[in-house]
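What follows draws every value from the coordinates through simple rules; no lab data is involved. Keep in mind that what you see is a predicted model, and the values were worked out from it rather than measured. So basically every Cβ, Gly included, is an ideal-geometry build from the backbone, and we count neighbours across all protein chains shown.
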Amino acid sequence: MLKLVDVSFSADTERGKKDILKNIDLESGDGFTVVTGPNGGGKSSLAKVISGLYRPTSGRIFWKGQDVTDLNITERAKAGISYAFQQPVRFKGITVKDLIKVASGKELNVSEACEYLSAVGLCARDYIDREVNASLSGGELKRIEIATVLARNTDFAVFDEPEAGIDLWSFNSLIKVFEQMRERTHGAIMIISHQERILEIADRIVVISGGKVEKQGTKDEILPGLMYDRTCPRLDGINS
Amino acid sequence: MAEQDIKSIVNIDFDIKELAGVGRGLLDSIAGLTDVPSGAFNIRADGTSIGRASTKAVEIVTKKDKPGIDIYIAPGTTGETVYIPVILTKPGLQDLVYNDFYVGEAATVEIVAGCGIHNDSCTESRHDGIHAFHVGKNAHVKYIERHYGEGSGDGTNVMNPTTVVELGKNSYMEMETTQIKGVDSTERITRADLADGAQLVISEKIMTHGKQHATTDFKVELNGDGSSANVVSRSVARDDSRQRFNADLRGNNRCHGHSECDAIVMDNAVVSSLPQITANSVEAELIHEAAIGKIAGEQLEKLMTLGLTEREAEEKIIDGFLK
């Protein structure tokens, strides 16, 4: 469905040009693909390259067989690619209902808009008319962010660290949201995550490190190795 | 409203539907009026009153010494809305009006004012409205004012509203002022004196475009023990327009004062914010906040990931900001 061929991305930094993504080849078919790997490895940049927020320096991106590399953010959104921000954006004066309405691309009545909020575990009545601003907590904003992606109802969505910045209680209910999504979805979902519980619901796992695909495969192929790698080598030494 | 509540109708022949299309459109834009309001009203068009009604609770009287009206709201009034819109459709008209509101003790009232100018000429059309509010003890006033200009000529639309507020003990006044569009030049002056326990809440929204300029100037004297004022201005300046925000809060007693200017600047526009707070009492707690900047890139990006074009995203953000 989504295919990245030899995609590289460099960014200008204070210390000159930095290669963030290096010759990424990646395919995401139907089901759940979880992208994981160390911080600073290029995972968020990958999500932004897919959604059009970043333009790749080289390589091509194909979506349903069409080359979308030169499409801008809006065009990719209209082509059916959705993106959930790691840090949900705040607005002054724009309500939750406004945002869900924009996401769905059509006029919605309150009960339709509320369905998306209920799906992410928010009591819809309490939130529908609230502004998407700093008065909402990190966990609330995160769930509203996910609700906007659900409302788009597209064949592909990439979620950038949905667990980042939320408390444990919110995280547990967020996992349930993804588990439900896992059961219902017919399209492809890509989640960037460090969380074992999210890795556990993956169909495929991609490990990105140092801007490269270190390994990719089915959950059963990749996950056991990841768990082993996470053991601290120094402690291993002490124990042995 | 029941018919017997109408105390008097000065111009009984008035029918809003008889107004020429332009005037009717203006009334709708500034006051949401598509029919004769139920309750007290005074509609001023091109310098004269074209329709008026008073009720048992709200009496509207023509001033004798200068142009304008006195509006008397009886003590203890509840559930009344008073409409006093002004429209200018004749080109080059210079309209000056004085409106005084006397709000009786413990009255609760909503006042809908506003001015709409339609000017297709190359001369200036101008409305200077000077409103004074004398708000009695424990009274509760909501004042809504919308300013709007339109027309195809080069003539400028000028509106200079002055609002003077005296808030009695434990009274409350909420002012919601909006300059929607089409006002080429405005100088808004607001002065307020607050007695013990009085509260003033001002929410101002301004959008300027083209070569328009807008100055808004607040001075609030927090004289009373336990008085409070919250002055919030949100504005968007586009094209080559210029805006200036002055807010001067003076804490003269145990009081709370907060002023906030939040502006989005676009294109070649210029926005200045000059908040000033003065504590004349150690018990005064005063805060001012000012933020001016362009639309945040991430806000545009978020809406674009939902399928809006950059232009549509910009409009959505501005609509929300000024809602």
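Points to keep in mind about this one:
- Most fluctuating residue given options A:13, A:69, A:57, as computed from a GNM of chain A linking Cα atoms under 10 Å: A:13
- Taking 25 Å as the limit for the C-alpha separation, the pairs B:90/B:316; A:176/A:212; B:137/B:205; A:64/A:176; A:101/B:142; A:106/B:316 exceed it in the case of B:90/B:316; A:176/A:212; B:137/B:205; A:64/A:176; A:101/B:142.
- Charge context of residue A:149, other residues only, Cβ under 13 angstrom, K/R +1, D/E -1: +1
- Between residue B:242 and residue A:22, the distance separating the two model label sites (each 7 Å from Cα on the Cα→Cβ line) works out to 5.5 nm.
- Among B:182, B:32, B:114: highest mean-square fluctuation, GNM of chain B, C-alpha pairs under 10 Å: B:32
- Remark: the range A:19-69 carries a charge dipole of roughly 180 debye about the Cα centre, counting +1 on each Lys and Arg Cβ and -1 on each Asp and Glu Cβ.
- Computed from backbone phi with θ = phi - 60° and the Karplus coefficients 6.51, -1.76 and 1.60, the 3J(HN,Hα) list for the range A:3-14 is 9, 10, 10, 6, 7, 10, 9, 10, 10, 7, 10, 4 Hz; x is used for glycine and proline.
- Residues of the range B:207-231 with amide N under 16 Å of a point placed 7 Å along Cα→Cβ from residue B:274: B:214-220
- The modelled label-to-label distance for the pair residue A:209/residue B:232, using points 7 Å beyond Cα in the direction of Cβ, is 5.0 nm.
- The spacing between the range B:186-201 and the range B:274-323, judged by their C-alpha centroids, is 23 Å.
- Which of B:16, A:171, B:117, positive extreme of dipole for the protein assembly as shown (C-beta unit charges): A:171
- Ratio Rg/Rh [Cα only; Rh per Kirkwood] for the protein assembly as shown: 1.09
- Qualifying aspartates and glutamates (Cα of each under 12 Å from Cα of residue A:142; at least 8 residues distant if same chain): A:160, A:161, A:163, A:167
- When DSSP beta bridges are restricted to pairs lying wholly in the protein assembly as shown, around 20% turn out antiparallel.
- The range B:209-310: antiparallel DSSP beta bridges as a percent of all, rounded to 5: 0
- Counting neighbouring beta carbons within 10 Å and listing from fewest to most, the residues B:88, B:96, A:71 come out as B:96, A:71, B:88.
- As a proxy for reagent exposure, ranking A:135, B:29 by other Cβ atoms within 10 Å from fewest up yields A:135, B:29.
- Remark on residue B:140: its backbone amide H falls under 5 Å from those of B:107, B:108, B:109, B:172, a criterion applied only to residues 5 or more positions apart or on other chains, H modelled at 1.01 Å from N.
- Computed [θ] at 222 nm, helices only, for the protein assembly as shown once each DSSP H run of length n ≥ 4 contributes -39500 (n - 2.57): -6500 deg cm²/dmol
- Ranking of A:114, B:255, B:122 by count of other Cβ atoms within 10 Å, fewest first: B:122, A:114, B:255
- Average Cα contact separation per residue, the range B:184-323, under 8 Å, 6 or more apart, as relative contact order %: 20
- Contact order relative to length of the range A:2-239, as percent, for alpha carbon pairs under 8 angstrom and 6 or more apart: 27
- Its Cα centre serving as origin, the range A:2-239 has a Cβ charge dipole (Lys and Arg +1, Asp and Glu -1) of approximately 440 debye.
- Relative contact order (%) - criterion: Cα under 8 Å, at least six apart; region: chain B: 10
- Rounded to the nearest 20 debye, the dipole magnitude of the range B:122-221 is 200 debye, with +1 charges on Lys and Arg beta carbons, -1 on Asp and Glu beta carbons, and the Cα centre as origin.
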